[in-house]
Amino acid sequence: MNDQKKRRVLLKVSGECFCPPKERGIEMSSVIHLAEQVAKAAQEGVQIAIVMGGGNILRGAQFKAANTSIQEATAHYMGMLATVLNGLALQEAIESVGHPTRLMTAFSMDVVAEPYLRRRAVRHLEKGRIILLAGGTGSPFVTTDTAAAQRALELNADVLLKATKVNGVYSDDPEKNPHAVLYPELTYEAVQQQRLRIMDQESIAKCGEHNMPVMIFNFRTAGNLERALRGERIGTLITRENG
Ligand code: UDP
């Protein structure tokens, strides 16, 4: 038996990873691309838990902004269901490239997924299965970043990896300000004090409180996802130490 401690990561993939840039919905070629990279790292022995976003389908907040008759809480539940759609697609994609998975949901959906139980999730990870955690936290008015922080902590992950469409955390919006600089390292305090909007303030605070490192990186850069999963330092690393 190999008792060497395996690297365990919580990967947060936003809905954007499920379709080409500027598109919406689920495009299986994008999902397969994601699946191949994740499966490769898992085959090398990295234990991987994935929290999926749902923004490629819908976000609860968009209904509020559009002033529709849908109650805000209902809209958030719709967003949580969107993450289940992504989870089902990602499960098919990962299994089609030959790696076993388990889809687990924060609320009961017995016909398509297992209920999320922490101990069972840990067991799946130990057995080398990639676990797909859908349904966010199961509660409205938060995002899947909160779910990612929560699950990273309870599953004792070594790091929370956030795959995004930007290279990391910048001093300003790089799409609007050409002088914006990328921070390779940051402290939780700096992210909060400077109100750097890369994750919910609450989730970054939670990671800080429990010393959970967070790495933000661009998943569209070739090879980045695999590098991040293997433990290479890319993008921006947020820790307690001074950056
Ligand atoms: N959501 C929620 N509770 C959760 C997680 C998600 O209510 O614990 C809803 C929320 O409306 C959110 C949507 O589901 O906007 C989709 O998730 P998110 O916006 O985090 O997706 P991403 O931006 O990562 O694609």
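Any read-out appearing in this document is the output of simple, stated calculations on the displayed coordinates, not a laboratory observation. Just so you know, these numbers come straight off a predicted model, no measurement behind them. FYI the Cβ positions are ideal-geometry reconstructions off the backbone, even for glycines, and counts take in every protein chain you see.
Stretched out straight at 0.36 nm per residue, the stretch from Glu27 to Ala180 would grow longer than its current Cα-Cα span by 51.9 nm.
Considering only Ile198, Phe219, Ile131, the residue lying farthest towards the positive end of the dipole of the range 95-224 is Ile131, judged by Cα position with unit charges set on Cβ.
Considering only Cys207, Met104, Val159, the residue lying farthest towards the positive end of the dipole of the range 101-243 is Met104, judged by Cα position with unit charges set on Cβ.
Here the 3J(HN,Hα) profile of the range 99-115, calculated from phi with Karplus coefficients 6.51, -1.76 and 1.60 at θ = phi - 60°, is 10, x, 9, 9, 9, 10, 10, 6, 10, 5, 8, 3, 6, 10, 8, 7, x Hz, Gly and Pro shown as x. The residue among Pro174, Tyr77, Gln37 whose Cα reaches farthest toward the positive pole of the charge dipole of the chain, with charges on the beta-carbon of Lys, Arg, Asp and Glu, is Gln37. Compared with the direct C-alpha span, the chain from Glu189 to Ala222 gains 8.8 nm at full extension, assuming 0.36 nm per residue. A protection proxy built from the mean count of other Cβ atoms within 10 Å ranks the segments 59-69, 146-156, 128-138, 27-37, most packed first, as 128-138, 146-156, 27-37, 59-69.
Only beta bridges with both residues in the range 132-243 are counted; by DSSP, about 35 percent of them are antiparallel.
Given +1 at the Cβ of Lys and Arg, -1 at the Cβ of Asp and Glu and no other charges, the dipole of the range 86-191 around its Cα centre is 460 debye to the nearest 20. Entry note, the chain: the mean residue ellipticity at 222 nm calculated from DSSP H runs of n ≥ 4, each adding -39500 (n - 2.57), is -11000 deg cm²/dmol after division by the residues and rounding to the nearest 500. Within the chain, DSSP assigns beta bridges of which about 15% are antiparallel (rounded to the nearest 5). Taking Pro20, Pro174, Pro140 in turn, the Gaussian network model of the chain (Cα-Cα springs below 10 Å) assigns the largest fluctuation to Pro174. For Val159, the residues 5 or more places off, or on other chains, whose built amide H falls under 5 Å of its own are Leu10.
Restricting attention to the range 1-122, the count of lysine pairs at 8 or more positions apart or across chains with alpha carbons under 23 Å apart stands at 5. For the chain, a crude dipole built from +1 on the beta carbon of Lys and Arg and -1 on the beta carbon of Asp and Glu, taken about the Cα centre, is about 320 debye to the nearest 20. Cα centroid distance between the range 149-168 and the range 177-243, in Å? Distance between centres, Cα-based: 9 Å.
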